[in-house]
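One structure is given here, and the rest of the page talks about it.
The values are calculated or read from the model by the stated rules, or taken from the named source; none is laboratory data. All of these numbers come straight from a predicted model, not from anything done at the bench. We place every Cβ from the backbone using ideal geometry, glycine too, and count neighbours over all the protein chains shown.
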């Protein structure tokens, strides 16, 4: 079993977070240092998972009412109230299936419940497909509440899970 811990993001984690984002950019939006700094200042929840060799994953989430320019966040903002939007959850390949994602999700649920939020929401790529993420979110009780085609042509499944 892999030992890891979760903690709040710190500015000194920026290089590791940017590297993890770059490794998964096919299923995430690109992010440079300036964008990371902007989003880190807006995030309602920003955690890193730390393993024996350093940062092995990160979670960035935004609460309802944030001035976030993501088209997917905006889609949810027009349809839901009292939500936590899971924008990015990345775990480096060697540590997938080690419980890091489940720990991030549990922390997000705890954070959302403490903030009085009712929903956890996010999107999963359908075209191109991301079957691992789809299966993971279905196991956690996320259901499709819509679909959206992004300007890039990517099609995403909009997913929500009620927490209260």
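Can you name the residue in region 74-124 that is more than 13 Å from the chain's Cα centre (by Cα) and modelled with pLDDT under 95 and, of all such residues, is surrounded by the fewest Cβ atoms within 10 Å (Cβ to Cβ)?
Filtering region 74-124 for residues that are more than 13 Å from the chain's Cα centre (by Cα) and modelled with pLDDT under 95, the one surrounded by the fewest Cβ atoms within 10 Å (Cβ to Cβ) comes out as 93.
Which numbered condition in (1) in contact (Cβ under 8 Å) with a residue 60 or more places away in the chain; (2) more than 16 Å from the chain's Cα centre (by Cα) is the only one that residue 33 fails?
Residue 33 satisfies all of (1) in contact (Cβ under 8 Å) with a residue 60 or more places away in the chain; (2) more than 16 Å from the chain's Cα centre (by Cα) except (1).
Check region 110-132 and report whether any residue there is more than 27 Å from residue 19 (Cβ to Cβ) and touching a helix residue (DSSP H, G or I) at 6+ places or on another chain (Cβ under 6 Å).
no
If a residue has to be out of contact with any strand residue (DSSP E or B) (no Cβ under 6 Å at 6 or more places or on another chain) and either more than 17 Å from residue 28 (Cα to Cα) or touching a residue at least 60 places away in the same chain (Cβ under 8 Å) (or both) to count, how many in region 41-87 make the cut?
15
Counting only residues that are in contact with a helix residue (DSSP H, G or I) (Cβ under 9 Å, 6 or more places away or on another chain) and surrounded by fewer than 18 Cβ atoms within 10 Å (Cβ to Cβ), how many does region 36-49 have? Reasoning before the result, please.
Kept after step one, since they are in contact with a helix residue (DSSP H, G or I) (Cβ under 9 Å, 6 or more places away or on another chain), are these residues of region 36-49: 36-37, 40, 44-49.
Then drop every residue that is not surrounded by fewer than 18 Cβ atoms within 10 Å (Cβ to Cβ), which leaves 37, 40.
Adding up the residues that qualify gives 2.
Looking only at region 111-164, which residues are farther than 16 Å from residue 88 by Cβ, free of Cβ contacts under 8 Å to residues at least 40 places away in the same chain and assigned to a helix (DSSP H, G or I)?
Of everything in region 111-164, those that are farther than 16 Å from residue 88 by Cβ, free of Cβ contacts under 8 Å to residues at least 40 places away in the same chain and assigned to a helix (DSSP H, G or I) turn out to be 114, 131, 134, 135, 138, 139.
Considering only region 15-30, state which residues are surrounded by 11 or more Cβ atoms within 10 Å (Cβ to Cβ) and touching a residue at least 24 places away in the same chain (Cβ under 8 Å).
16, 17, 20, 21, 23, 24, 27, 28, 29
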